[in-house]
Amino acid sequence: MRTQVGIIGAGPAGLMLSHLLHLNGISSIIIENRSRDYIEQRIRAGLIEQWAADMLTETGVGERMAREGMFHDGNYLCFNGETHHLNFRKLVGKGITIYGQQEVVKDLVERRLADGGQIIFEVDDTKVHDIATDKPFITFRHDGKEQRIDCDFIAGCDGFHGICRPSFPPDVLTFYDREYPFGWLGILSESPPPDEELIYAYHDRGFALYTMRSPTLARLYLQVEPDEDLDKWPDDRIWEELHIRLGGTRTLQEGPILQKGVTAMRSFVCEPMQTGRLFLAGDAAHIVPPTGAKGMNLALADVRMLSRALDAYYKRNNSDLLAGYSKTCLERVWKAQRFSWWMTQIFHVFPDEVPFDRRRQLAELDYIAHSVAAQTSLAEQYTGLPIA
Ligand code: RFL
Ligand code: PHB
């Protein structure tokens with residue numbers, strides 16, 4: 001097989017890249033080691049920044065999101081038994097969209113296939129070769145047969161556990177890493193969320209987040225141990241804790257729990273995001289704790305940049321954007337890292353904290369709740385920093 005851009009991974013990064021390249025007349029093939037069904041059912045992020053929702057709409061894949069997504073102008077902070085509303089629309093003229101990552105994935109897969117795009121599912125033994133030359137290629141096994149894709153460029157969109165980052169030559173990469181001493185237990189429940197907008201709750205017993213996928217489907221999270229055993233969390237205990245951490249500010253309706261999982265939290269960046277003809281995008285290059293809701297948005301920002309850089313290369317024979325890809329992306333990545341870390345450290349209870357820290361966290365939340373300047377800064381970052 002031969003294509004211009006070989007893409008490894010059919011997550012939001014790989015799929016959106018392939019779609020954007022196609023709109024610019026650049027060919028690509030995606031290979032994915034999971035099945036179509038698996039990637040379309042995998043429950044992950046749910047919050048889309050304003051510019052990213054606009055990009056989905058403007059590039060023709062936002063139709064179902066317009067019908068089924070939920071458009072929010074603000075959210076709530078909850079602490080000391082009170083909620084405080086932040087109105088992003090008033091503060092910065094932007095909002096956020098709640099629409100599940102797997103729905104974005106479904107829409108992109110459908111559109112790529114309708115446009116004649118090629119996605120090869122259920123591959124294994126993926127390897128990249130000759131990335132330091134201008135004739136790189138990918139090999140993999142599919143249906144028991146060895147396959148090869150020759151291409152001009154390889155996009156490593158294969159997530160945190162992919163093979164592309166480990167394929168960089170030795171000593172090229174620097175890693176910046178931070179693990180948090182807690183994780184999130186997330187559930188999807190067939191019940192209405194406690195409010196139409198998201199509630200981020202700080203509580204002595206730990207953080208809780210009340211979000212949703214639809215008016216009748218709540219997505220609820222609790223701060224737990226990083227390696228928490230789900231067996232210790234029967235449904236009754238989850239509901240009890242969710243009620244307590246909401247601090248009596250809303251009534252929370254219970255419902256059948258459709259899905260349950262624990263996610264460990266970490267911050268991670270690798271620099272640079274490119275070597276030779278191999279470009280990393282999304283979780284392959286960086287991970288954020290979910291408190292800032294930046295993971296999928298960063299993945300989309302990377303591939304927007306990469307598609308522009310590839311377009312400049314093919315249409316104008318200009319490699320400047322490709323040469324600057326890593327630096328440009330990392331500027332946004334680090335701001336999102338900082339915001340995600342900041343949101344994480346004000347809302348969570350740390351095992352090694354001293355009483356001073358609680359008072360400091362509460363003072364910070366109180367400051368945000370009552371300062372337009374502080375709210376504006378939060379709103380600007382939460383709804384998404386400007387993008388070129
Ligand atoms: P993805 O979505 O992980 O997609 C990578 C794809 O590459 C495939 N793959 C391979 N394919 C071929 N050959 C190989 N050798 C391959 N190795 C891997 C994988 O099967 C997969 O389909 O990365 P991408 O596109 O960069 O998108 C990033 C987002 O998925 C991610 O940032 C967010 O989902 C992070 N995240 C969350 N972000 C939020 O903003 N809010 C959340 O609530 C939230 N919850 C989560 C999350 C990530 C989770 N992970 C990674 C386990 C919950 C979980 C459980
Ligand atoms: C979600 O809806 O799953 C979600 C929203 C905001 C976050 C994290 C997750 O910060």
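Helix 235-245 and the long axis of the chain differ in direction by around 70°, with both axes built from C-alpha atoms. Compactness check for the stretch 206-282: Cα Rg over 2.2 N^0.38 Å is 1.54.
Each 10 Å bin from 0 upward holds the following percent of the Cα-Cα pairs of the stretch 121-188: 15, 39, 24, 17, 5. Using the Cβ-Cβ distance between residue 318 and residue 114 with R0 = 41 Å, the FRET efficiency computed as 1/(1 + (r/R0)^6) comes to roughly 0.85. Charging the Cβ of each Asp and Glu at -1 and of each Lys and Arg at +1, and nothing else, the dipole of the stretch 22-70 about its Cα centre rounds to 220 debye.
Counting DSSP beta bridges with both partners in the chain, what percentage is antiparallel, nearest 5? Percentage antiparallel, nearest 5: 75. Only Lys, Arg, Asp and Glu carry charge here, each on its Cβ (+1 for the first two, -1 for the last two); on that basis the chain has a dipole of about 960 debye about its Cα centre. Taking the accessible area of the stretch 1-120, probe 1.4 Å, and keeping the other protein chains in place, the carbon and sulfur fraction comes to 43%.
What translational D, rounded to a whole number of µm²/s, comes out for the stretch 191-247 from Stokes-Einstein when the hydrodynamic radius is the Kirkwood one over Cα pairs, at 37 °C and 0.692 mPa s?
This corresponds to a translational diffusion coefficient of 276 µm²/s.
As a test of the formula, what do you get for the chain when each DSSP H run with n ≥ 4 contributes -39,500 (n - 2.57) and the sum is divided by the residue count, at 222 nm and rounded to the nearest 500 deg cm²/dmol?
-11500 deg cm²/dmol, from helical runs alone.
Based on the inverse mean of 1/r over its pairs of different Cα atoms, what is the Kirkwood hydrodynamic radius of the stretch 155-215, in Å?
Working: mean 1/r = 0.0628 Å⁻¹.
By the Kirkwood definition, the hydrodynamic radius is 15.9 Å.
Placing unit charges on the Cβ atoms of the charged side chains and taking the dipole of the chain about its Cα centre, the candidate lying farthest along the positive direction among 309, 216, 57 is 309. Convex hull volume of the C-alpha atoms in the chain, normalised per residue: 143 Å³. Each residue of the stretch 133-138 was assigned a 3J(HN,Hα) from its phi angle through the Karplus expression (A = 6.51, B = -1.76, C = 1.60, θ = phi - 60°), giving 9, 8, 10, x, 8, 10 Hz with x at Gly and Pro. Determine, from the Cβ-Cβ distance of residue 4 and residue 338 and an R0 of 25 Å, the FRET efficiency 1/(1 + (r/R0)^6), rounded to the nearest 0.05. Once rounded, the FRET efficiency stands at 0.10. The tail of the calculated P(r) for the stretch 272-388 beyond 22 Å holds 46 percent of all Cα-Cα pairs.
At 1.4 Å probe size, with every protein chain present, just tell me what the per residue accessible area of the chain comes to in Å². List each step's numbers first, then the result.
On the way: 16640 Å² over 388 residues.
With the other protein chains kept in place, the chain gives 43 Å² per residue.
Using C-alpha pairs below 8 Å separated by at least 6 residues, the relative contact order for the chain is 21 percent.
Find the Rg to Rh ratio for the stretch 9-146, where Rh is the Kirkwood radius over alpha-carbon pairs and Rg uses the same atoms. Over the Cα atoms of the stretch 9-146, Rg/Rh equals 1.09. Hey, with R₀ at 45 Å, roughly what FRET efficiency would residue 161 and residue 24 work out to, going by the Cβ-Cβ distance, to 0.05? The value I calculate is 0.90.
Extension gain, residue 354 to residue 103, is 86.1 nm, computed as 0.36 nm per intervening residue step minus the present C-alpha separation.
Residues of the stretch 59-98 with an amide N closer than 15 Å to a point placed 7 Å from the Cα of residue 376 along the Cα-to-Cβ direction: 87-94.
The values are calculated or read from the model by the stated rules, or taken from the named source; none is laboratory data. Predicted, not measured: the structure shown is a model, and the values here were computed from it. Neighbour counts run over all protein chains shown; Cβ positions are idealised from the backbone, glycine included. Ligands, DNA and RNA are excluded from the accessible area calculation, which covers all protein heavy atoms including side chains. Shrake-Rupley method; radii C 1.70, N 1.55, O 1.52, S 1.80 Å.
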